[in-house]
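Asks: Just passing along the structure, written as C-alpha cells.
The values are calculated or read from the model by the stated rules, or taken from the named source; none is laboratory data. Here the structure is a predicted model, which is why all the values come from computation and not from measurement. Because the Cβ atoms are built from the backbone with ideal geometry, glycine has one as well, and the counts that use them run over all protein chains shown.
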Amino acid sequence: MAQIIQNKYPIDLNARKAIGFGFPINGDAVFVPTYQTRDQIKANLVNYLLTNKGERVFNPNFGADLRSLLFENITDSTLEELKFYIESNITTNFPQITVKQIEFQNTPDENVINFVLSYEIVLFGVTDEINIELQ
C-alpha cells in the first residue's frame, strides 16, 4: 500500500527561490519574500482579509470588507452572519483552506475589533492562525 510521507509543492524544494511576498511590506528591498507555499498562502489570506470590496482593480468582489465592521452596530446575530459570510468567501477564493474557527473580540468603547481566523491548509495538514486588530 502506498503512503504519502509529506506533501510538498515542487517549488518549495528550491530554498533560494522566492515564490511571492509577505507582509509587512517594509523589507530590505521593500518586499519581504516568502520561500514556502504555506507562508504565501498566509500572506494571500491576510491580503484578502484586509482588502475592501471594490478596492481591487478588475475584481470588485474580492475582499472580506473587515474594515467596514468598525462603523456597524455589532450584535451577536450580526457576528454570526459575518462569520458565515467570511467562511463561505474564503472557501470560494481559497479552496486549499479549511476554516477551523472565526472569532471576533469586540471592544466597543475603544472602537477596536480583534479578528482571529484559525485555518488548516488541507494539502499540508498545517494549522495556522491569523490575528488582525481593526481600529
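Asks: Here are some conditions: (1) without any contact (Cβ under 8 Å) to a residue 40 or more places away in the chain; (2) in a strand (DSSP E or B). Pro95 meets all but one. Which one does it not meet?
Replies: Condition (2) is where Pro95 drops out.
Asks: Specify the residue that is modelled with the lowest pLDDT; the eligible residues are those in segment 56-73 that are exposed (fewer than 14 other Cβ atoms within 10 Å of the Cβ) and either part of a loop (DSSP other than H, G, I, E, B) or touching an Asp or Glu at 6+ places or on another chain (Cβ under 7 Å) (or both). Please lay out each step first, then the result.
Replies: In the first step, residues of segment 56-73 are kept if they are exposed (fewer than 14 other Cβ atoms within 10 Å of the Cβ); the result is 57-61, 68, 70-73.
From what's left, either part of a loop (DSSP other than H, G, I, E, B) or touching an Asp or Glu at 6+ places or on another chain (Cβ under 7 Å) (or both): 57-61, 72-73.
On the way: Val57: 90, Phe58: 91, Asn59: 88, Pro60: 89, Asn61: 86, Glu72: 72, Asn73: 75.
So the residue we want is Glu72.
Asks: A further question follows. Would you confirm whether or not segment 74-81 contains a residue that is among the charged types (D, E, K, R), farther than 24 Å from Asn106 by Cβ, modelled with pLDDT of 80 or more and surrounded by fewer than 16 Cβ atoms within 10 Å (Cβ to Cβ)? First the steps, then the outcome.
Replies: Filtering segment 74-81 for residues among the charged types (D, E, K, R) gives 76, 80-81.
Within this subset, residues satisfying the condition of being farther than 24 Å from Asn106 by Cβ are none.
No: zero hits.
Asks: Still on this model: Conditions: (1) part of a helix (DSSP H, G or I); (2) surrounded by 11 or more Cβ atoms within 10 Å (Cβ to Cβ). Ile102 meets all but one. Number of the miss?
Replies: Going through the list (1) part of a helix (DSSP H, G or I); (2) surrounded by 11 or more Cβ atoms within 10 Å (Cβ to Cβ), Ile102 breaks only (1).
Asks: All but one of (1) touching a strand residue (DSSP E or B) at 6+ places or on another chain (Cβ under 8 Å); (2) within 25 Å of Gln40 (Cβ to Cβ); (3) part of a helix (DSSP H, G or I); (4) of a type outside the set (Val, Ile, Thr) hold for Asn89; state the number of the condition that does not hold.
Replies: Condition not satisfied by Asn89: (1).
Asks: Could we say that Leu79 is touching a Phe, Trp or Tyr at 6+ places or on another chain (Cβ under 6 Å) and part of a helix (DSSP H, G or I) here? If you could, list the steps in order and put the result at the bottom.
Replies: Details: touching a Phe, Trp or Tyr at 6+ places or on another chain (Cβ under 6 Å): yes; part of a helix (DSSP H, G or I): yes.
Yes: the conditions hold for Leu79.
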